[in-house]
Amino acid sequence: MRNEWIRLSDSRKRTSFLLAGIIAVLSIYAVRLIQLQVFQGSALSAQATHERQRTIELPAIRGSIVDANNQPLAVTVDAVNVTADQTLITNPQAEAQQLAGVLGADPAALATRLTGRRRFIYVAKALTPQTWSQIATLNLPGIVKESTTKRVYPNGDLAANVVGFVGSDGKGLGGLEYGLQPLLAGTNGTQTFQRGPGGGAIPTAPNTKVAAIPGSTVKLTINSDIQYAAQQAIAAEVATTKATSGTVVVMDPTTGKVLALATAPTFDPNNVGASSAGDRGNRALSDVYEPGSTAKTMTAAAVINQGLANPYTPITIPGTLKRGNKVFHDDVAHGTWHLTLTGMMAKSSNLGAILTSERIGPRIFDSYLQKFGMGQPTGLNFPGESTGKLPSLNSWSSTTFPTLAFGQGMNVNTVQAASVYATIANNGTRITPTLVDQIVAPDGTITHPNTVTSTQVVTPKTAKTVRLMLETVVSNRGTAPLAQIPGYRVAGKTGTAQYADPKCGCYRGVVASFIGMAPADAPRLVVAVTLVKPRNGHFGGQVAAPVFKQVMISALQTLHIPPTGTTAPQLPTTFGAGG
């Protein structure tokens with residue numbers, strides 16, 4: 001009996017200890033539960049919410065770039081980035097295999113991106129919404145859509161060197177895409193939401209959204225039809241002549257608007273990586289050259305405007321001229337020429353230009369070059385633009401003045417050169433060139449970003465006189481009969497200048513050019529053409545004038561500009577013994 005009582009007592013003690021242990025454990029849990037719920041509940045709840053919460057950037061729609069007729073040159077379309085939460089993916093290889101079938105990607109590479117503990121990683125970028133729809137039907141855990149946009153250039157290389165291009169992040173890297181980045185980009189928005197187990201937003205959870213502000217639309221002065229014609233013409237001539245490069249500028253001389261700005265070679269901004277860096281810039285503004293004989297128009301205009309010469313002024317031109325320590329000559333050997341000032345322009349005599357410039361002297365001559373815009377910004381504010389170079393007067397040597405008179409010793413870009421002829425076409429008034437016509441804000445507000453200035457360089461009478469002389473250049477008595485356009489009066493000037501090659505710091509090859517206007521007696525358009533280092537052909541009248549003709553005809557037709565119906569007067573080119 002005593003033994004039974006002892007056993008019962010031991011059993012009660014064990015039960016008591018067990019109960020005490022259970023009570024102690026439950027007490028610990030209770031204390032912990034109270035701690036979690038009462039004292040730390042809010043903090044833990046906030047932490048859980050924070051871990052579920054995600055803030056994404058809502059990209060602003062990049063503003064479009066359109067031409068003068070509102071034809072799109074650069075637009076933004078909807079696109080999708082595919083992202084992954086690796087912690088939700090249990091079978092990376094299987095998901096990678098399914099994604100690879102839609103994306104056309106390497107399954108092994110995709111599996112690597114899907115494996116790990118990262119909560120956010122990009123799988124693919126800038127897909128079309130249609131491609132995302134195919135992925136969405138797969139219902140893959142951890143694969144999430146991120147809405148974004150993609151920059152598209154619907155006309156490929158049309159005006160590519162003007163418009164430019166963007167990088168993978170959607171920011172401008174070249175041309176106006178870069179230069180006008182703040183205007184085009186807009187302001188991104190944000191969206192904050194809580195993610196469910198599959199990575200998507202929990203519909204019943206709070207969702208905060210700050211809307212993005214779209215970028216502005218940029219309207220250019222470029223006419224796509226004229227731009228296309230210019231690009232086709234210069235690309236063909238660069239190929240035919242095996243030139244290093246070529247440019248075409250088309251301007252409205254009365255407004256300064258640039259209607260075309262073409263360069264060859266060019267590139268497709270939809271596939272920037274397929275082009276070389278040198279082909280992505282705008283050579284019409286970034287590359288400079290010595291203008292050569294096209295600069296003689298400034299020489300003649302300056303002297304005529306000073307009242308010291310006219311189209312009939314006789315100029316006796318010897319076979320050579322010595323100025324300073326240098327002997328100058330024309331491009332062809334000759335005896336004494338008896339030319340009028342008109343004849344000097346028609347034959348493009350370097351020596352005649354020297355003798356003409358000496359009638360006004362260095363200081364006055366320099367002032368005219370500056371008024372024509374030499375060595376100064378064009379006003380287009382284009383990224384990478386070169387202002388060219390005009391030597392300061394106090395640095396001129398004994399040979400600088402005569403060299404400048406026939407267009408060497410200074411350098412210009414093609415837009416600057418075109419602007420000289422636009423000034424003559426516009427009755428002697430130089431108008432600041434413009435490339436951007438309007439900025440249209442998201443709310444529809446229109447601003448004109450250009451400060452258009454005008455400078456009276458020569459009188460209207462002088463400008464008209466110079467135009468008459470330049471018509472002789474395009475006649476059968478001049479250097480550019482290939483620039484003639486049936487039914488229209490055309491005025492212009494050829495140029496064939498030594499090319500100062502920056503690679504060797506020496507003269508190597510030539511720049512062949514032609515700049516002209518039509519109709520010559522009431523100019524509506526100016527077209528400038530340059531070809532750098534042509535190998536099949538040499539002279540501006542031979543290789544550049546035909547491009548001018550082709551582009552000018554197309555532009556006249558596009559803008560429905562009729563002939564004036566007048567006839568050009570026949571100015572004499574020689575006098576006395578030469579006549």
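The values are calculated or read from the model by the stated rules, or taken from the named source; none is laboratory data. Just so it is clear, the structure is predicted and the values come from calculations on it, not from any experiment. Neighbour counts run over all protein chains shown; Cβ positions are idealised from the backbone, glycine included.
Here are a few things to note about the model shown:
- Filter pass, Pro362 being touching a residue at least 12 places away in the same chain (Cβ under 8 Å), surrounded by fewer than 21 Cβ atoms within 10 Å (Cβ to Cβ) and touching a Phe, Trp or Tyr at 6+ places or on another chain (Cβ under 7 Å): yes
- Some residue of region 358-365 being under 35 Å from the mean Cα position of the chain (by Cα), closer than 20 Å to Phe514 by Cα and modelled with pLDDT of 95 or more: no
- Helices (runs of 4 or more DSSP H) contained entirely in region 80-192, each with at least 2 residues that are touching a residue at least 40 places away in the same chain (Cβ under 8 Å): 92-103, 129-136, 160-163, 175-179, 181-185
- Residues in region 303-337 that are among the charged types (D, E, K, R), surrounded by fewer than 16 Cβ atoms within 10 Å (Cβ to Cβ) and within 42 Å of the chain's Cα centre (by Cα): Lys326, Asp331.
- Pick from region 375-412, criterion aliphatic (A, V, I, L, M) and touching a residue at least 60 places away in the same chain (Cβ under 8 Å), ranking: surrounded by the fewest Cβ atoms within 10 Å (Cβ to Cβ): Met410
- Qualifying residue in region 252-273 (condition: surrounded by fewer than 16 Cβ atoms within 10 Å (Cβ to Cβ), more than 28 Å from Pro442 (Cβ to Cβ) and without any contact (Cβ under 8 Å) to a residue 24 or more places away in the chain): yes
- Any hit, region 286-293, residues being assigned to a loop (DSSP other than H, G, I, E, B), over 40 Å from the mean Cα position of the chain (by Cα) and either free of Cβ contacts under 8 Å to residues at least 40 places away in the same chain or crowded, with 16+ Cβ neighbours inside 10 Å (or both): no
- Region 454-470 - residue that is in contact (Cβ under 8 Å) with a residue 24 or more places away in the chain and among the charged types (D, E, K, R) and, of those, nearest to Met298 (Cα to Cα): Arg467
- Within region 520-549, residues that are touching a residue at least 24 places away in the same chain (Cβ under 8 Å) and among the acidic types (Asp, Glu) reach partners that are buried (at least 20 other Cβ atoms within 10 Å of the Cβ) and in a loop (DSSP other than H, G, I, E, B) with beta carbons closer than 9 Å, at six or more positions or on different chains, in the pairs Asp521/Arg489.
- Just so you know, in region 165-182 the residues that are buried (at least 19 other Cβ atoms within 10 Å of the Cβ) and not small (Gly, Ala, Ser) include one that is nearest to the chain's Cα centre (by Cα), and it is Leu176.
- The set of residues from region 46-86 being hydroxyl-bearing (Ser, Thr, Tyr) and modelled with pLDDT under 80 comprises Thr49, Thr55.
- So Ala108, is it surrounded by fewer than 14 Cβ atoms within 10 Å (Cβ to Cβ), out of contact with any Cys (no Cβ under 7 Å at 6 or more places or on another chain) and either over 30 Å from Val163 (Cβ atoms) or among the basic types (Lys, Arg) (or both): yes
- The residues in region 499-508 that are within 27 Å of the chain's Cα centre (by Cα) and of a type outside the set (Asp, Glu) can be counted, and the count is 4.
- Residue satisfying condition, being modelled with pLDDT under 95 and either among the hydroxyl-bearing types (Ser, Thr, Tyr) or within 30 Å of Gln570 (Cβ to Cβ) (or both), within set Tyr488, Tyr499: Tyr499
- Of the residues making up region 212-256, those that are part of a loop (DSSP other than H, G, I, E, B), touching a Lys or Arg at 6+ places or on another chain (Cβ under 6 Å) and within 30 Å of Ser454 (Cα to Cα) number 1.
- Checked against (1) under 23 Å from Pro442 (Cα atoms); (2) in contact with a strand residue (DSSP E or B) (Cβ under 6 Å, 6 or more places away or on another chain); (3) modelled with pLDDT of 95 or more, Leu176 meets all criteria but (2).
- Within this structure, Thr131 fails the test of being out of contact with any Lys or Arg (no Cβ under 9 Å at 6 or more places or on another chain), among the hydroxyl-bearing types (Ser, Thr, Tyr) and over 17 Å from Ala105 (Cβ atoms).
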